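Trainee: Let me begin by handing over the structure; questions about it come next.
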Amino acid sequence: MKQVQVLSLFVCTLIGNVLSGSNHVFQDLKDREGVLSFLEYYAAVSPSSSVTDKPLMVGLTLIQGADSSGAVCLDGTLPGYHLDRGSGTGKDSWLVQLEGGGWCDTIRNCVYRKTTRRGSSKLFEKQLPFTGILSDKAEENPDFFNWNRVKVRYCDGASFSGDSQNEASQLYFRGQRIWSAAMEYLMAEGMQNATQALLSGCSAGGLASIIHCDEFRELFPQSTKVKCLSDAGMFLNAMDISGGHTLQNFYSGVVSLQEVQKSLPSTCIDHLDPTSCFFPQNLVAAVRTPLFLLNSAYDVWQLRSSLAPPSADPHGTWKECRQNNAQCNSSQIQFLQEFRNQMLDAIKVFSSSNQNGLFINSCFAHCQSERQDTWFADDSPRIGNKRIAQSVGDWYFDREDVKAVDCPYPCDNTCHNLVFNDVVSNITFSQSTRLTSTPLNLLIIFLVSLCSISTTGFKFVR
């Protein structure tokens, strides 16, 4: 029932925003990321093709006393995390995943954000499904299933970075303090005794795992094996289809509003402006700790929100391509191939280091370590006949070097591509993910239909 209440509040808040005059709400970067991650959360609840058991549901823990150091969400509430303790050979190993979910770049956007689970722990789900890299089943997560696995909730709007506030709007930009408080709390919970540790994150959390990777390493003695994984965190400062820089402009607002420069490494800030240093292409080569980049060369969030957002496409030329990669014409595919080339150029120096790892596939996807169907299932995406979970495991445990880069689209027939529809009431899910028509999925359709509002839906296709 509480999940239903949270879902109702989320949908109604969005709808209220639209009806109150914010009809650009789905053109804002923050909301498109939020909608995508929100729907993917419920997709994760459904079993993959090779798994029949329901996922482990892990309860929320609020970090009591964090507010004494100013470590609070946008609305001033306590931050939190979900922890499932390890066992057996994994009892002294820790995997910490930083939740993603976009950013906010203006007072108005951040005020809106604090009315959602991305800005207030009052709206956090009391339980989350642990799937993919967080699964507790060996057949779903062969290398990390029995580790201590943690998901740190995201409620600051700047990738766990920045340190500022706006008293007039009662906004607290405390991402760096939340990071520090969470790490201090987890160390006291037993992470200080870790013999192995992996910091991971998806999307905005993937960017955070890059920013904080070396800080994470410094928490432990040199005898502890420490590495980092960034999933869908390789956001590029790329030109959009109109010749503008949509994401650069957006990041500039995030960095200046939340004073993110306080969290960025001096190795970058010393020679580049703070906004440039929020782009991982200017950070990854200088990260000292072993780092693995898991990314799609055609990241669907970047396509929809950075490369070809509606604001850069007033005539709707890219609308069908933006929703379904199969509808892209030859010139649009060429534009996307150039984006892929930019990504590969941006990681050349990074990939030359033996300690780093890569899995860059040619799927239209976003966040592939959290979902079971893309992380480790019978029909999961592969490069060279190796699935993502196997590649990350081989790299972490030094079984072999992993520098996997896929051939250009459309050569890969193992992809689970995300395809979007115009109206949520017409959401369909392909067989590739074996999603079922659960009451919760149907409720999403019902709530949106009830409010008579059209927004963006999606499905998975192969």
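The values are calculated or read from the model by the stated rules, or taken from the named source; none is laboratory data. Being a predicted model, the structure only gives us computed values, none of them experimental. In this analysis, Cβ positions are derived from the backbone assuming ideal geometry, glycine residues included, and neighbour counts consider all displayed protein chains. For the accessible areas, the whole protein counts, side chains as well, though only heavy atoms, and no ligand, DNA or RNA atoms are used. Shrake-Rupley method; radii C 1.70, N 1.55, O 1.52, S 1.80 Å.
Trainee: Tell me which of these Arg322 doesn't satisfy, since it passes every other one: (1) surrounded by 24 or more Cβ atoms within 10 Å (Cβ to Cβ); (2) closer than 20 Å to Ser230 by Cβ.
Mentor: (2)
Trainee: Further question on the same structure: Please go through the stretch 180-205 and give me each residue that is within 25 Å of Ala286 (Cβ to Cβ) and either touching a Pro at 6+ places or on another chain (Cβ under 8 Å) or open to solvent by 10 Å² or more (accessible area, probe 1.4 Å) (or both), ordered by number.
Mentor: Ser180, Ala182, Gln196, listed by residue number.
Trainee: If Leu62 meets every condition in (1) touching a strand residue (DSSP E or B) at 6+ places or on another chain (Cβ under 7 Å); (2) open to solvent by less than 40 Å² (accessible area, probe 1.4 Å); (3) at pLDDT 95 or above apart from one, which number is that one?
Mentor: Here Leu62 meets the rest and fails (2).
Trainee: OK, next. Just one of Ala208, Ala285 is assigned to a helix (DSSP H, G or I), within 23 Å of Ser69 (Cβ to Cβ), at pLDDT 95 or above and under 22 Å from the mean Cα position of the chain (by Cα); which is it?
Mentor: Of the residues listed, the single one that is assigned to a helix (DSSP H, G or I), within 23 Å of Ser69 (Cβ to Cβ), at pLDDT 95 or above and under 22 Å from the mean Cα position of the chain (by Cα) is Ala208.
Trainee: Same structure again: Can you pull out every residue in the stretch 273-297 that is in contact (Cβ under 8 Å) with a residue 40 or more places away in the chain, among the hydroxyl-bearing types (Ser, Thr, Tyr) and open to solvent by 10 Å² or more (accessible area, probe 1.4 Å)?
Mentor: Once the filter is applied, which keeps residues that are in contact (Cβ under 8 Å) with a residue 40 or more places away in the chain, among the hydroxyl-bearing types (Ser, Thr, Tyr) and open to solvent by 10 Å² or more (accessible area, probe 1.4 Å), the stretch 273-297 yields nothing.
Trainee: Based on this model, can you work out whether Leu257 counts as farther than 26 Å from Leu186 by Cβ, part of a helix (DSSP H, G or I), in contact with a helix residue (DSSP H, G or I) (Cβ under 8 Å, 6 or more places away or on another chain) and of a type in the set (A, V, I, L, M, F, W, C)?
Mentor: yes
Trainee: Within the set of pairs 6+ apart or on separate chains, which have a first residue in the stretch 141-156 that is within 18 Å of Arg371 (Cβ to Cβ) and touching a residue at least 24 places away in the same chain (Cβ under 8 Å), a second that is surrounded by 23 or more Cβ atoms within 10 Å (Cβ to Cβ) and of a type in the set (Val, Ile, Thr), and C-beta atoms under 7 Å apart?
Mentor: Asn141/Ile133; Phe144/Ile133
Trainee: Could you list, in sequence order, all residues of the stretch 327-378 that are over 19 Å from Val419 (Cβ atoms) and β-branched (Val, Ile, Thr)?
Mentor: Ile347, Val349, Ile360 - these are the residues of the stretch 327-378 that are over 19 Å from Val419 (Cβ atoms) and β-branched (Val, Ile, Thr).
Trainee: Find the residue count for the stretch 93-142, including only residues that are of a type in the set (Gly, Ala, Ser), assigned to a helix (DSSP H, G or I) and surrounded by fewer than 23 Cβ atoms within 10 Å (Cβ to Cβ).
Mentor: 1
Trainee: Which ones in the stretch 354-403 are assigned to a helix (DSSP H, G or I) and polar (S, T, N, Q)?
Mentor: Selection gives Gln372, Thr374, Gln390, Ser391.
Trainee: Between a residue in the stretch 381-400 that is at pLDDT 95 or above and any residue that is in a helix (DSSP H, G or I) and surrounded by 22 or more Cβ atoms within 10 Å (Cβ to Cβ), which pairs come within a Cβ distance under 6 Å, given they are 6 or more apart or on different chains?
Mentor: Pro381/Thr374; Ile388/Trp375; Ala389/Trp375
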